[in-house]
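As structure tokens, the structure follows; a few thoughts come after it.
The values are calculated or read from the model by the stated rules, or taken from the named source; none is laboratory data. Everything numeric in this text was worked out from a predicted model, so none of it was measured. Ideal geometry is used to build each Cβ from the backbone, glycine not excepted, and the neighbour counts take in all protein chains shown. Remember, those area values only see protein heavy atoms, side chains included, never the ligands or the DNA or RNA. Shrake-Rupley method; radii C 1.70, N 1.55, O 1.52, S 1.80 Å.
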Amino acid sequence: MKNKIKPEVACWEGKEWLLIAKNILCFSTCQGGEVKLQAQLDKLYPESKVILLNSARAGLALSLQIFNQNKPLRKEVIIPEYICESVPNLIKECGLLPVYAPIKQDLNIDINRIYGLCSDNTLAAIIPHMYAKPAEIVQAAVMLKNIGVYLIDDAAQVAGVNVDGKPLGSFGDTGVLSFAQAKTIVTGVRASGGVLFVNNKELTSGLSLLIGDLQPSVGRIMPLIHFMLSYKIQGIAKTLDYYLQRIIFKLKQNKDKNYYFPITKISNLDADLALAQFSSLKKRIAQSKLLIKCYRDALLREEDYMPVQVDSDDLYLTRFIIQSQKTSPKELSARLSEQGVVTKFVYGNGSKPYDGTFSSGLLELPLQSLSEQQIINIVKSFRVT
Ligand SMILES: *Cc1c(COP(=O)(O)O)cnc(C)c1O
């Protein structure tokens, strides 16, 4: 059997594995990771108050809560129509209503369409940077401030990218960063860490009251095993994990365990891993840029397959999405699978056959940790039938 080429969800080197071993050997009681990560992020995001949490979702929930305290009559939150399901779900859990805005070809929210969706009922807009491609956050911040709508700079998927000299996450009233699988900084999955950036100083004291003294995170070993089996190794390990999770679920007293609540501090293991990921960030961004350029060059000869987000030669992305305009994503995925290339369907309904809209015909191809030759081979496989 040929070695499969699959999307990499975490670019870990020896350092990360050593930290996991260290944390397991001292039963997650190793101290210090959190303090060091705090110092590092205070330096990287000098204009924001940095609060380390167990997920980005926690940061979104706390932001919406404080916004709603300040403007209790407003219930609508604007988000792009193309986004990870966890975000609209969280908005509903907060007792608020998601309002969907159209996206552009780069899969980011079309900021020109936000104004028309705003009313006296609009509390906030959440603007993500899909797969690390910056949305037009500067323009959005000016416009929303003028009409009194809060803005969350949702940099869950991206660290290490600046716009106008400021890091993504530090625009708007608050911002978030996630350390979950397939983001820029990856420490695991299921509440493996996140950051809330408080950028509007008027919110700092209210948020500090709301948060109080956060409890430490506990029980990070089982989610780590789940991450290894289902995300890092995949294949047969995923099946094993499925049964393992079912057995654990049966044994648990508390049946509907929600990994994201309560909101806690980040665990020391996740903080240690995040620090290691920040130290390799520059190198990883440079590698991704080369591979994206390689995809772009290879796709120039393909009329029916568009690299939707790539609009410059010097772009960093965490994941690589194409739009297949004639072949349905399902068919293309099956064709590539026969060549040993594993692809992924995208959020929501985005992998339905192309229908002329930006959120259709999409398929994720492997990117991180590949060689340039592998990318050329993947694009060649588009034509093999
Ligand atoms: C992943 C993601 C989140 C949630 O991150 P968690 O750390 O899993 O809570 C929020 N927004 C966007 C855009 C994301 O991609």
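Whole-Hz Karplus values for the stretch 118-125 come out as 7, 8, 5, 9, 7, 8, 7, 10 Hz, taken residue by residue from phi with 6.51 cos²θ - 1.76 cosθ + 1.60 and θ = phi - 60°; glycine and proline positions read x.
In summary, the lysines within cross-link reach of LYS380, defined as a Cα separation below 24 angstrom excluding same-chain residues under 8 places away, comprise LYS2, LYS4, LYS6, LYS289, LYS293, LYS326, LYS330, LYS344, LYS352.
In the elastic network of the chain, a GNM with C-alpha springs shorter than 10 Å, the most mobile of LYS201, LYS133, LYS49 is LYS201.
Kirkwood-type hydrodynamic radius, the stretch 167-295: 17.1 Å, calculated from all non-identical alpha-carbon pairs.
Rolling a 1.4 Å probe across the protein heavy atoms gives the stretch 49-155 an accessible surface of 37 Å² per residue. The calculated pair-distance distribution of the stretch 186-234 uses every alpha carbon pair, bins of 5 angstrom beginning at 0, and gives 5, 16, 20, 16, 12, 13, 9, 7, 2, 0 percent. Based on C-alpha pairs under 8 angstrom that are at least 6 apart in sequence, the stretch 88-239 has a relative contact order of 13 percent. 3J(HN,Hα) couplings calculated from phi for the stretch 91-103 with the Karplus curve 6.51 cos²θ - 1.76 cosθ + 1.60 (θ = phi - 60°) are, in sequence order, 4, 5, 4, 7, x, 10, 10, x, 10, 8, 9, x, 10 Hz; Gly and Pro show x.
Relative to one another, the C-alpha centroids of the stretch 94-150 and the stretch 202-233 are positioned 26 Å apart.
The phi-based Karplus calculation (6.51 cos²θ - 1.76 cosθ + 1.60; θ = phi - 60°) puts the 3J(HN,Hα) values of the stretch 178-193 at 10, 10, 7, 4, 6, 9, 5, 9, 10, 10, x, 8, 6, 6, 8, x Hz, whole numbers, x for Gly and Pro. For the chain, the Cβ-based charge dipole about the Cα centre amounts to some 1100 debye (Lys, Arg positive; Asp, Glu negative; other atoms uncharged).
Here the accessible area of the stretch 254-385 is 51 percent carbon and sulfur, with a 1.4 angstrom probe and all protein chains present. Pairs of alpha carbons in the chain separated by more than 38 Å make up 18% of all such pairs. In summary, the lysines within cross-link reach of LYS43, defined as a Cα separation below 17 angstrom excluding same-chain residues under 8 places away, comprise LYS166, LYS282.
Accessible-area rank, largest first, for LEU291, LEU117: LEU117, LEU291, with all protein chains present and a 1.4 angstrom probe.
Here, the stretch 10-63 is characterised by an Rg to Rh ratio of 1.04, where Rg is the alpha-carbon radius of gyration and Rh the Kirkwood radius.
Considering helices alone, the calculated mean residue ellipticity of the chain at 222 nm is -11000 deg cm²/dmol, with DSSP H runs of length four and up weighted by -39500 (n - 2.57) and normalised per residue. A Gaussian network model of the chain, with springs between Cα atoms under 10 Å, assigns the largest mean-square fluctuation among LYS282, LYS344, LYS232 to LYS282. Relative contact order, whole percent, for the chain stands at 21, derived from Cα pairs under 8 Å and 6 or more residues apart.
Just the number: Rg to Rh for the stretch 238-311, Cα atoms, Kirkwood Rh, two decimals. Computed over Cα atoms, the ratio is 1.21. The apolar share of the surface of the stretch 111-240, taken as the fraction of accessible area on carbon and sulfur atoms (1.4 Å probe, ligands and nucleic acids excluded), comes to 55 percent.
Expressed in whole Å with the largest first, what are the equivalent ellipsoid semi-axes of the stretch 234-385 derived from the C-alpha gyration tensor as the square root of 5 times each eigenvalue?
Three semi-axes, in Å: 33, 22, 16.
Spacing of the modelled spin labels on GLU338 and LEU300, each 7 Å from Cα toward Cβ, amounts to 3.0 nm. Enclosing the Cα atoms of the stretch 337-385 in their convex hull gives a volume equal to 103 cubic angstrom per residue. Relative contact order, whole percent, for the stretch 263-385 stands at 25, derived from Cα pairs under 8 Å and 6 or more residues apart. The distance between label points at LEU214 and ILE147 comes to 3.2 nm (points 7 Å beyond Cα on the Cα→Cβ vector).
When all protein chains stay in place and ligands, DNA and RNA are ignored, the 1.4 Å accessible-area order of THR204, THR385, largest first, is THR385, THR204.
Farthest towards the positive end of the charge dipole of the chain, among the residues LEU363, ASN258, LEU281, is the Cα of ASN258, using unit charges on the Cβ of Lys, Arg, Asp and Glu.
The H on the amide N of VAL99, modeled in the peptide plane, is under 5 Å from the matching H of VAL77, ILE78, ILE79, each at least 5 residues off or on a different chain. In the stretch 75-185, the C-alpha radius of gyration followed by the widest Cα-Cα span (Dmax) gives 12.9, 37 angstrom.
Taking GLY235, GLY160, GLY350 in turn, the Gaussian network model of the chain (Cα-Cα springs below 10 Å) assigns the largest fluctuation to GLY235.
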